[in-house]
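**Student:** Dumping the structure here so I can ask a few things about it.
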Amino acid sequence: MILQINEKISLYVEEYGSGDRYILSAQVGFYPKGMQQKLAEMGYHVYCITLRGFAPSSFVDEDYGEAWYDIFADDVAAVADKFSIKKFIYMGASHIAAQPTRPAEEKAVDYGRPLMKYKNEENLCAALKTIQVPTLMIGGVNDPISTPELMIRTAKCLPHCKLVIYSNCGHDIDTDLIEETCDAADRFIKTVEGTGKWYKRVEEV
C-alpha cells in the first residue's frame, strides 16, 4: 500500500500478520522472505516500510545531511500514527544489497553512516548510554561490516542490551538463519513484555 504522510512524501508499506503486537521495520527494501514475514507467522503484526528516497516510496531531491536518520525515524513514527499504533517494537537490519537496475533517483541518495555527528568513540558511547529501551542485537562472527568487536562495543554501552552472536555466519544473518533469529527475537520480546527486563532472572527454588 502507498501511505501519504505529508504533502510531499508517500511511503510504501507492506503489512503481514494481524493483531495488536506490532513490529515496524524500515529499510531501503525487503526480501520476499525474511525475519519480518516469519515473525508475522509467529503472531506479530508487522509493517515493512520502504524508506523515503527508494522506490516505490517517494524519491527525494534534497540532502538532509546529518538529519537523514532522524527523518527516517520520524517517518516510522508517522506510519505508527496513521495506523493509530500506540506501542510497537522497532526492528532494523542492514540495508539490502544495491540492485544494478536502481533508478537514477535512488543512486543519488547519500544518507551516509549513522551517528557520525558524535565525531569520536567517547561521544558515541556517551550517547548510546542514554538509550533506555531494551535492545536485542543479533549478528554473525564472520560479519565484515558489523564486526563482533563493534557489536560488543555497542552492547557494553547500551544499558539494557542483549547480544546474540552466531558462529559461521556473516552479514546476511537475518535471511540466512531465519528460524534461529526469529526464535531469539520472540524470546527477547516475551521476556521484556513479561518482566520489564532484557533478560530472564534465575528463579529461586
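The values are calculated or read from the model by the stated rules, or taken from the named source; none is laboratory data. Model, not experiment: these values are computed from the prediction. Positions of Cβ are generated from backbone atoms using ideal geometry, with glycine treated the same way; all protein chains shown enter the neighbour counts.
**Student:** Could you please give the count of residues in segment 176-202 that are in a loop (DSSP other than H, G, I, E, B), touching a Pro at 6+ places or on another chain (Cβ under 8 Å) and not basic (Lys, Arg)?
**Tutor:** Counting residues in segment 176-202 that are in a loop (DSSP other than H, G, I, E, B), touching a Pro at 6+ places or on another chain (Cβ under 8 Å) and not basic (Lys, Arg) gives 1.
**Student:** Let me ask another. Restricting to segment 116-142, and then to whatever is outside any loop (DSSP other than H, G, I, E, B) and touching a residue at least 40 places away in the same chain (Cβ under 8 Å), can you tell me which residue is surrounded by the fewest Cβ atoms within 10 Å (Cβ to Cβ)?
**Tutor:** Here the answer is 116.
**Student:** Still on this model: Going by the conditions given, is residue 65 modelled with pLDDT of 95 or more, surrounded by fewer than 20 Cβ atoms within 10 Å (Cβ to Cβ) and either acidic (Asp, Glu) or not assigned by TED's automatic domain parsing to the domain that holds residue 183 (or both)?
**Tutor:** no
**Student:** Does segment 154-166 include one or more residues that are modelled with pLDDT of 95 or more, over 22 Å from residue 131 (Cβ atoms) and of a type in the set (D, E, K, R)?
**Tutor:** No, segment 154-166 contains no residue that is modelled with pLDDT of 95 or more, over 22 Å from residue 131 (Cβ atoms) and of a type in the set (D, E, K, R).
**Student:** Among the residues of segment 46-91, count how many are among the small types (Gly, Ala, Ser), assigned to a loop (DSSP other than H, G, I, E, B) and in contact (Cβ under 8 Å) with a residue 12 or more places away in the chain.
**Tutor:** So the answer is 4.
**Student:** Only one of these is over 22 Å from residue 192 (Cβ atoms) and either in a helix (DSSP H, G or I) or touching a strand residue (DSSP E or B) at 6+ places or on another chain (Cβ under 8 Å) (or both): 153, 113. Name it.
**Tutor:** That would be 153, the only listed residue that is over 22 Å from residue 192 (Cβ atoms) and either in a helix (DSSP H, G or I) or touching a strand residue (DSSP E or B) at 6+ places or on another chain (Cβ under 8 Å) (or both).
**Student:** Hey, could you check segment 143-153 for residues that are within 23 Å of residue 133 (Cα to Cα) and in contact with a Gly (Cβ under 6 Å, 6 or more places away or on another chain) and say which is surrounded by the fewest Cβ atoms within 10 Å (Cβ to Cβ)?
**Tutor:** 146
**Student:** Look at residue 24 and say whether it is in contact with a strand residue (DSSP E or B) (Cβ under 7 Å, 6 or more places away or on another chain) and assigned to a strand (DSSP E or B).
**Tutor:** yes
**Student:** Does residue 40 qualify as being outside any strand (DSSP E or B), without any contact (Cβ under 8 Å) to a residue 60 or more places away in the chain and buried (at least 19 other Cβ atoms within 10 Å of the Cβ)?
**Tutor:** yes
**Student:** Examine segment 67-82 for a residue that is over 16 Å from the mean Cα position of the chain (by Cα) and over 21 Å from residue 23 (Cβ atoms), and state whether such a residue exists.
**Tutor:** Yes; the residues of segment 67-82 include at least one that is over 16 Å from the mean Cα position of the chain (by Cα) and over 21 Å from residue 23 (Cβ atoms).
**Student:** Continuing with the same structure: Looking at (1) over 25 Å from residue 41 (Cα atoms); (2) crowded, with 18+ Cβ neighbours inside 10 Å; (3) modelled with pLDDT under 95, which one does residue 173 not meet, given that it meets all the others?
**Tutor:** Every listed condition holds for residue 173 apart from (1).
**Student:** Still on this structure, I have one more. Given the structure, is residue 94 part of a loop (DSSP other than H, G, I, E, B), touching a strand residue (DSSP E or B) at 6+ places or on another chain (Cβ under 7 Å) and among the polar types (S, T, N, Q)?
**Tutor:** Here the answer is no, as residue 94 does not meet what is asked.
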